[in-house]
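The values are calculated or read from the model by the stated rules, or taken from the named source; none is laboratory data. Keep in mind that what you see is a predicted model, and the values were worked out from it rather than measured. Glycine also receives a Cβ, built like all others from the backbone with ideal geometry; neighbour counts cover every protein chain displayed. In case anyone asks, the SASA skips ligands and DNA or RNA and just uses the protein heavy atoms, side chains included. Shrake-Rupley method; radii C 1.70, N 1.55, O 1.52, S 1.80 Å.
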Amino acid sequence: VHVIPLKSGDNGAFPWRALLVLADETASKRAERMRGDFLANASHELRTPLASLAGFIETLKGHAREDIEARDKFLNIMQDQTERMGRLINDLLSLGRVEMDEHVPPSGDTDLSGMTQDTIDSLTPLAKSKGITIDFEGDAEARVVGDRDQLFEIAQNLIENAIKYSNPNTRIVCDVHANVGREEIDRLTNSLGREAGRLTITSPALTGGRRYAILRVRDAGSGIERRHLPRLTERFYRVDGQKSGPKEGTGLGLAIVKHIISRHRGGFFVESRPGEGTVFSVCIPSQKARPSSGDF
Ligand code: ADP
């Protein structure tokens, strides 16, 4: 609410002394508050490993210098903290980039199946180190309208999470289905049965008979309680009990994935059963079928 006093002379023929302006600032105030929260969170997340590094440097300069065992232990912790800061900075830069071009429509032509198999190949050594296998099922080719690097980032984040939150010696299954419509999407994103928690995070535009390719990443990991599902894509949100779990998470991966999917006008779904596992599904608009030579 603004009250603007009017000088005599401003009000001409009208007898008013002041102007009362009522403006709905809810949206802009909310955006401002979110920016403030984001900066506070980002600085806190970066300051924590930095403070720990400063502490260990002090200790190493002091009494731990002579104690080789303690020195090696501290150096290992310092290496972990440095790597954590690197991951945070990379994820923050990635989030900035995807936010910046969220309103620019993608134009590439990418095979979601081939891209997913490449992602699996690049993450297989990480999975193997936990005794986890990643299998690919589904269609041989699924051409979508999409930026290959960004689609790679989606698959990488989802498969990395599946590895992070899976128990050792379990199996992750990725599958891709080409050219699906509304009914198949409904069926494919309701794969864990009625008891499972399920949420449509971003809904695809299913108008005008639009066709999609869908990628699902299924793990047999810790699962996520229903009440956490709506908050998973909030920046820095991590499920409580898992904070002390895998230390490598930043809480930014799913926020990045959601932005990329919105840019591609796609859909994003999660289903989970605590203690049994989770399925994240992403659908991206298919390329229009090319006319075959017989159509001319
Ligand atoms: P992080 O870097 O912490 O993994 P994300 O944004 O990728 O951040 O995920 C947010 C949170 O969602 C994670 O911290 C974890 O609690 C939960 N989560 C994500 N993927 C899975 C999964 N496949 N299984 C169980 N929990 C998951």
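I'm trying to understand the selection: among the residues of region 124-136, which are under 18 Å from LEU188 (Cα atoms) and within 15 Å of the ligand (Cβ to nearest atom)?
Listed by number, the list is empty, since nothing qualifies.
Restricting to region 29-77, name every residue that is among the acidic types (Asp, Glu) and closer than 18 Å to LEU92 by Cα.
Passing the criteria: ASP37, GLU45.
Limited to region 78-96, what total is found for residues that are away from the ligand (no atom under 16 Å from the Cβ) and open to solvent by 50 Å² or more (accessible area, probe 1.4 Å)?
Residues meeting the conditions: 2.
Out of all the residues in region 80-123, which are among the charged types (D, E, K, R) and part of a strand (DSSP E or B)?
ASP109, ASP111
Quick test of your reading of the structure: ILE172 fulfils all but one of (1) of a type outside the set (S, T, N, Q); (2) within 16 Å of the ligand (Cβ to nearest atom); (3) under 20 Å from SER94 (Cβ atoms); (4) not in a loop (DSSP other than H, G, I, E, B). Name the failing condition by number.
Of (1) of a type outside the set (S, T, N, Q); (2) within 16 Å of the ligand (Cβ to nearest atom); (3) under 20 Å from SER94 (Cβ atoms); (4) not in a loop (DSSP other than H, G, I, E, B), only one is false for ILE172: (3).
Among what's in region 251-273 and is open to solvent by 10 Å² or more (accessible area, probe 1.4 Å) and assigned to a loop (DSSP other than H, G, I, E, B), pick the residue that is nearest to ASP240 (Cα to Cα).
Checking each candidate, the answer is GLY251.
Of all residues in region 137-169, which are surrounded by fewer than 19 Cβ atoms within 10 Å (Cβ to Cβ), more than 16 Å from the ligand (Cβ to nearest atom) and part of a helix (DSSP H, G or I)?
Matches in region 137-169: ARG148, ASP149.
Which condition breaks for ILE201 when tested against (1) aliphatic (A, V, I, L, M); (2) away from the ligand (no atom under 16 Å from the Cβ); (3) open to solvent by 20 Å² or more (accessible area, probe 1.4 Å)?
The failed condition is (2).
Any residue in region 64-73 that is part of a helix (DSSP H, G or I), open to solvent by less than 90 Å² (accessible area, probe 1.4 Å) and within 18 Å of ALA51 (Cβ to Cβ)?
yes
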